[in-house]
Amino acid sequence: MRTWKLGMIGCGVHAKANIFSSLHRMGYPMQAVCARHLDRAQAAAKQFAIPKAYDDYRQMLEKEELDVAFVITEAVSQAGIVKECLKKGLHVFVEKPLGMNEKEAWEVAELADKMDRKVMVGFMKRFSPSYCTLKEIMNNREEFGQPLSFMGMFAITSGRPGWDNEIYTKVGGIHYVDLMRHLFGELKEIHGYTNSVDVEVDNVFTMRFQSGIIGSMFFGGIPAWKRHWEEICVTGVKGFVKVDNMANVRYHYDRPVKTTGARWQTLDEADLVLTPVSTSSSGGWRDLYLNGYVGELEYFFACIEQNQRPVCDARDNVKTMALCDRIVNCLKGKDDLYV
């Protein structure tokens, strides 16, 4: 494993709990950290044994000889910071969203290609063991059959000023927007319905993908969902598979069995449920693996070392942001065109 010189821009709750902790668990030392307030950067530096702390990321980029930058800041600022990191010749891992619309996302993608640097967006659900298993089951056409439809939901209350339908979709729901692209391909048609009022988000979408898969999705940012909950169930011709909150996977195949009478007279229908082992020996690290944080970072470094383009790179992110824009527009009553 090569020792990369890592610079961290942003050290909020998510950054420290998930990204910094995952890197620490993986044995990747960090060289410098930056936050808007120096005392916060210094506290993070002390906690994770990071040699240098800054309150100006431009100063950090100028003084430190870095290979990779991690950008985990406010959503609206990330695209601009990523551009400056690219101009310094750095590979970049950036939290979603990268850009607040398709146009901003496209500008970063163009620059990343021009500079020939890797940019990976932190869509960690692609690397969660539960969703990886779901996709594997879906692709088992012999037993699962052709995937036909899905039902899903992503719910976590926000209550933050300004978190209307657009911000909720592009900062929270975007995880499931990207996951749908990852599982089902590109969208053909979408219709949306909303009961949202200010920051109380309540939206439902019906969709048809170019693959032929149809489905519905609920996004909820209301007090009823103070606990985070997400689930998705995919139905194929011969089976179904369901993921609950990344904690378990339930799947069923229709396997005809021999019986002496009607099947309702027997107990021969079987579902297989997969769950993680619950043990204190995980040391509290389990969620970093189940949520996909460790998996996404392992993949990011592998792409740099093997000179491969990440599947969720800046250019692929353009499609995710475009889909976010289509979702927001359909909630505003704007016609959604077939593509």
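In debye, nearest 20, what is the charge dipole magnitude of the chain about its Cα centre with +1 on Lys and Arg Cβ and -1 on Asp and Glu Cβ, if you could check? Numbers along the way, then the final one.
Numbers: 42 positive and 43 negative charges, 99 e Å.
The dipole magnitude comes to about 480 debye.
Farthest towards the positive end of the charge dipole of the chain, among the residues Met8, Ala270, Ile50, is the Cα of Ile50, using unit charges on the Cβ of Lys, Arg, Asp and Glu.
As a quick test, which of the pairs Lys135/Lys242; Lys188/Lys242; Lys83/Lys118 have an alpha carbon distance above 19 angstrom in this structure? Working shown, then result.
Values: Lys135/Lys242 11 Å; Lys188/Lys242 24 Å; Lys83/Lys118 12 Å.
Flagged as over cut-off: Lys188/Lys242.
Find how much the distance from Glu186 to Thr259 grows on full extension, using 0.36 nm per residue of separation minus their present alpha carbon separation; answer in nm with one decimal.
Values: separation 73, 0.36 × 73 = 26.28 nm, distance 4.32 nm.
That pair, Glu186 and Thr259, stretches by 22.0 nm at full extension.
Full extension of the chain between Ala17 and Glu143 yields a length gain of 41.4 nm, computed as 0.36 nm times the residue separation minus the alpha carbon distance. Rounded to the nearest 20, the Cβ-based charge dipole of the stretch 6-123 about its Cα centre (Lys and Arg +1, Asp and Glu -1) stands at 320 debye.
Helical content alone sets the calculated 222 nm signal of the chain at -9500 deg cm²/dmol, taking -39,500 (n - 2.57) per DSSP H segment of four or more residues and averaging over every residue. Electrostatic tally near Tyr253: other residues with Cβ closer than 10 Å to its Cβ, Lys and Arg +1, Asp and Glu -1, net -2. Each principal axis of the Cα atoms in the stretch 6-123 has its own extent, and those three values, largest first, are 38, 27, 25 angstrom. Stokes-Einstein at 20 °C, 1.002 mPa s, Kirkwood radius from Cα pairs: D for the stretch 1-72 in µm² s⁻¹? In µm²/s, the coefficient rounds to 182.
Applying a DSSP loop filter and a limit of 10 other Cβ atoms within 10 Å to the GluC sites (Glu not before Pro) in the stretch 52-87 leaves Glu65. Selection among Val108, Ile19, Val71 by position relative to the dipole of the chain gives Ile19 as farthest towards the positive end (Cβ unit charges, Cα centre).
Please identify the trypsin sites (Lys or Arg not before Pro) of the stretch 244-289 that satisfy two criteria: DSSP loop assignment and at most 12 other Cβ atoms within 10 Å. Which are they? Sparse-neighbourhood loop trypsin sites (Lys or Arg not before Pro): Lys258. Among beta bridges from DSSP that stay inside the chain, the antiparallel ones total about 60%.
Short to long, the 5 Å bins of the Cα pair-distance histogram for the stretch 74-176 hold 2, 10, 17, 17, 15, 14, 13, 8, 3, 1 percent of all pairs. Here the Kirkwood formula puts the hydrodynamic radius of the chain at 21.4 Å, using every distinct Cα pair. Taking Cα atoms only, the orientation of helix 78-87 departs from the longest principal axis of the chain by about 60 degrees. Projecting the Cα atoms of Leu183, Tyr193, Trp163 onto the dipole axis of the stretch 121-208, where Lys and Arg carry +1 and Asp and Glu carry -1 at the beta carbon, places Leu183 farthest toward the positive end.
For Trp4 and Lys103, what does the FRET efficiency come to when R0 = 30 Å and r is the distance between their Cβ atoms, rounded to the nearest 0.05?
Numbers: r = 31 Å, r/R0 = 1.04.
Working from the Cβ atoms, E equals 0.45.
Every read-out reported here was derived from the displayed coordinates using simple, explicitly stated rules and does not represent laboratory data. Since we're looking at a predicted model, the values are computed, not measured. Reconstructed Cβ throughout: ideal geometry from the backbone, glycine too, with neighbour counts over all protein chains shown.
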